[in-house]
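Only one structure is covered here, and it is reproduced in the block below.
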Amino acid sequence: MYGIESVRQVFETYMGPTAYMSLFLVCIVYGFCHGDERGRKRLIFSVILSVLFIFNELSLRLMGKVTGINTYYRFIWAVPVLPMIAWVGTKAVMERKKLWEKAAVCVLLLALFGGGTSTFLTEGSIRVPENIYNLPVDVIEVCEIIDKHKEKEHPVVAFESESQTRARLYDPTLVWAISRKAYQRHNNAEGYENVGKKYRPQKAIIRAVNHGMKDEPERLAKALAKEKVDYIVTFSSFEMDAYLEQVGYGLVDSTGTRSVYARKENDLEVNQ
């Protein structure tokens with residue numbers, strides 16, 4: 001999926017259904033027309049960097065080979081979209097001489113932010129965090145369950161994909177049993193035909209914890225042993241208690257949507 005169309009798709013995916021990019025381009029034109037010499041130099045620098053490293057099919061191809069196409073979106077952060085919009089918006093208001101002109105520009109900016117379906121204040125774009133960590137309560141509860149029962153400082157945990165990154169944000173002592181690349185490349189319930197030898201054990205774990213598959217207990221047991229997994233975190237809706245008992249993991253505790261299982265050899269207080 002290479003080509004300029006791919007660049008556009010990346011921006012649409014990570015910018016959402018908003019008018020950020022359109023307004024950003026308008027702000028660049030406004031800055032060139034009404035900015036001072038110093039401001040124009042900064043704009044030129046930003047435009048050159050954007051064209052060379054972001055709005056560029058060659059960059060997309062190179063990043064796809066070096067870091068993987070799924071990480072290309074990070075380069076979007078190098079584009080000063082919000083600072084540019086904030087600077088031009090402030091400039092547009094402050095340079096008006098008359099009060100009614102300032103008011104008119106403010107109304108226009110508010111309309112851009114709050115009206116229509118392709119604006120900034122889309123549904124879900126503004127929310128109050130549930131807690132100081134800005135993480136789902138369910139994920140925090142999972143981490144606390146593991147912390148309460150763990151016997152070593154850095155337990156290895158096989159997380160389902162939704163909570164894996166978030167859990168590490170809350171508790172960086174947790175070690176991933178499933179690597180980021182394994183989830184990126186093999187996050188499906190299919191077989192092993194296109195899976196390299198390196199990722200086959202993690203693939204087996206992914207099929208169980210992230211898709212609820214219960215068809216290969218022996219392969220799963222070997223994979224868990226190879227990756228030295230201490231805990232498994234999966235969705236309670238999968239009803240994995242009996243299946244994971246077969247591979248040596250017992251239920252420790254559950255949250256609203258997730259269940260935590262521990263390797264029985266840990267001699268933890270496991271619910272039977």
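Things worth noting here:
- Verdict on residue 201 being under 23 Å from residue 138 (Cα atoms), buried (at least 18 other Cβ atoms within 10 Å of the Cβ) and at pLDDT 95 or above: no
- The residues on offer are 244, 224, 220, and the sole one that is in contact (Cβ under 8 Å) with a residue 60 or more places away in the chain, of a type in the set (A, V, I, L, M) and over 19 Å from residue 139 (Cα atoms) is 224.
- Look at (1) touching a strand residue (DSSP E or B) at 6+ places or on another chain (Cβ under 9 Å); (2) within 14 Å of residue 182 (Cβ to Cβ); (3) open to solvent by 20 Å² or more (accessible area, probe 1.4 Å); (4) not aromatic (Phe, Trp, Tyr) and you find that residue 211 fails only one, number (1).
- All conditions in (1) within 27 Å of the chain's Cα centre (by Cα); (2) hydroxyl-bearing (Ser, Thr, Tyr); (3) crowded, with 19+ Cβ neighbours inside 10 Å hold for residue 249, with the sole exception of (1).
- Total residues in segment 221-235, condition crowded, with 16+ Cβ neighbours inside 10 Å and more than 27 Å from the chain's Cα centre (by Cα): 1
- Matching entry among 254, 236 (being under 14 Å from residue 210 (Cα atoms) and hydroxyl-bearing (Ser, Thr, Tyr)): 236
- Selection within segment 152-171 - open to solvent by 100 Å² or more (accessible area, probe 1.4 Å) and farther than 16 Å from residue 137 by Cβ: 153
- Segment 92-106: number of residues that are open to solvent by 100 Å² or more (accessible area, probe 1.4 Å) and of a type in the set (A, V, I, L, M, F, W, C): 3
The values are calculated or read from the model by the stated rules, or taken from the named source; none is laboratory data. All of these numbers come straight from a predicted model, not from anything done at the bench. Every residue, glycine among them, receives a Cβ derived from its backbone with ideal geometry; neighbour counts consider all protein chains shown. Accessible surface is based on the protein model in full, side chains and every heavy atom, while ligands, DNA and RNA are left aside. Shrake-Rupley method; radii C 1.70, N 1.55, O 1.52, S 1.80 Å.
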